[in-house]
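Remarks on the structure that follows.
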Amino acid sequence: MLIAITRQVSPSINQCELTFHTKEQIDLPKAIAQHQAYEECLRGLGAHVVSLAAEPDLPDAVFVEDAAIVVDELAVIPVMGAASRRPETESLARALSPYRPLSFMHAPATLDGGDVMRIGRRVFVGASKRTNAAGIAQLRDALAEFHYEVTAVEVKQCLHLKSGCSQVGRNSILVNRELVDVTALAGFELIDVPASEPGAANALQIGDAVIIPSAFPETIARLEARGFIVNAINVSEFQKAEGGVTCKSVIFNHLS
Ligand code: CIR
């Protein structure tokens, strides 16, 4: 069974961290409705959604992807790059504990799950403003006994690796090469986002389908022309918070 852990939108989301975006007012009721539609979309694609309670004092807590890295064998709980977000891991670790053994990273490592793109046994990790070399090294150590190959990827002018590239098919990656050094991605089919939609490289693959923000019609058309099944959803309020579609869930197989 596919599990998707999500979290309800914090009423304080307007105090979220912003790195590359300028502040725009987030409409809270609209954000809540968009998040419900996102969860509905996950259910429609076969996921069992485990929706955690909102964290009123943690503005960014809806972006659960950043607070855990889940592989078949374990869940790694990082020290998140933004100090304001570090308390988010506590309740997420609790929610993950029935499903996976937990491995905790420790200072001076920092790492956000948005920097981790796993494709099979390959794990690409963005060297970003949020994820440092110690973070990448600790993730490599945590995964080594399970034979994952961890590769650092340089990330430029965007928050996370997955702001600039994401898996959309078994061997296919949607990418904005302005944001990500694609040298490490040799051997994969790279699908470039149109220049008119530089923020479109964050897509969420579930089975045969790809979830992508409705704000990117040219990218949607490009993927559909290549035969991808696209589910377009409106995440405008989360884009204002520098989020996308991968960041609002932690998705993994329940193995027993
Ligand atoms: C932050 O800056 O941490 C949040 N405002 C946005 C996090 C988005 N996370 C993601 O794309 N994985």
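Considered as a group, the residues in the range 178-196 that are β-branched (V, I, T) and surrounded by 15 or more Cβ atoms within 10 Å (Cβ to Cβ) include one that is nearest to F216 (Cα to Cα), and that residue is V193. One residue stands out in the range 120-135 among those that are buried (at least 23 other Cβ atoms within 10 Å of the Cβ) and under 19 Å from T19 (Cβ atoms): the one that is nearest to the ligand (Cβ to nearest atom), namely R130. Filtered by the rule that a residue be under 15 Å from D115 (Cα atoms) and acidic (D, E), the range 164-185 gives a lone residue, D181.
Residues of the range 139-157 being out of contact with any strand residue (DSSP E or B) (no Cβ under 8 Å at 6 or more places or on another chain) and either crowded, with 24+ Cβ neighbours inside 10 Å or not hydrophobic (A, V, I, L, M, F, W, C) (or both), which ones? Matches in the range 139-157: D141, E145, H147, Q157. Between D115, D141, the distinction of being within 21 Å of F188 (Cα to Cα) and out of contact with any Cys (no Cβ under 9 Å at 6 or more places or on another chain) belongs to D115 only. Taking the criterion of being among the aliphatic types (A, V, I, L, M) and surrounded by fewer than 17 Cβ atoms within 10 Å (Cβ to Cβ), the residues of the range 1-11 that qualify are M1, L2.
Pairs linking a residue in the range 198-227 that is under 20 Å from V180 (Cβ atoms) to a residue that is of a type outside the set (S, T, N, Q) and surrounded by fewer than 15 Cβ atoms within 10 Å (Cβ to Cβ), with Cβ atoms under 6 Å and 6 or more positions apart or on different chains, are E218/P194. Exactly one residue out of K248, K240 is of a type outside the set (S, T, Y), surrounded by 19 or more Cβ atoms within 10 Å (Cβ to Cβ), in contact with a Phe, Trp or Tyr (Cβ under 9 Å, 6 or more places away or on another chain) and on the phi < 0 side of the Ramachandran plot: that is K248.
Entry remark, the range 169-188: residues being more than 15 Å from F124 (Cα to Cα) and not in a loop (DSSP other than H, G, I, E, B) number 1 in total. Among the strands (runs of 3 or more DSSP E) confined to the range 193-256, the ones with at least 1 residues that are closer than 23 Å to N14 by Cα and not acidic (D, E) are located at 209-213, 229-233, 250-253. Scanning the range 120-160 for residues that are within 22 Å of I251 (Cβ to Cβ) and assigned to a loop (DSSP other than H, G, I, E, B) yields G120, R121, S128, R130, T131, F146, H147, Y148, C158, L159, H160.
Throughout, read-outs are computed from the coordinates displayed, never taken from laboratory work. None of these values were measured; they are calculated from a predicted model. Glycine also receives a Cβ, built like all others from the backbone with ideal geometry; neighbour counts cover every protein chain displayed.
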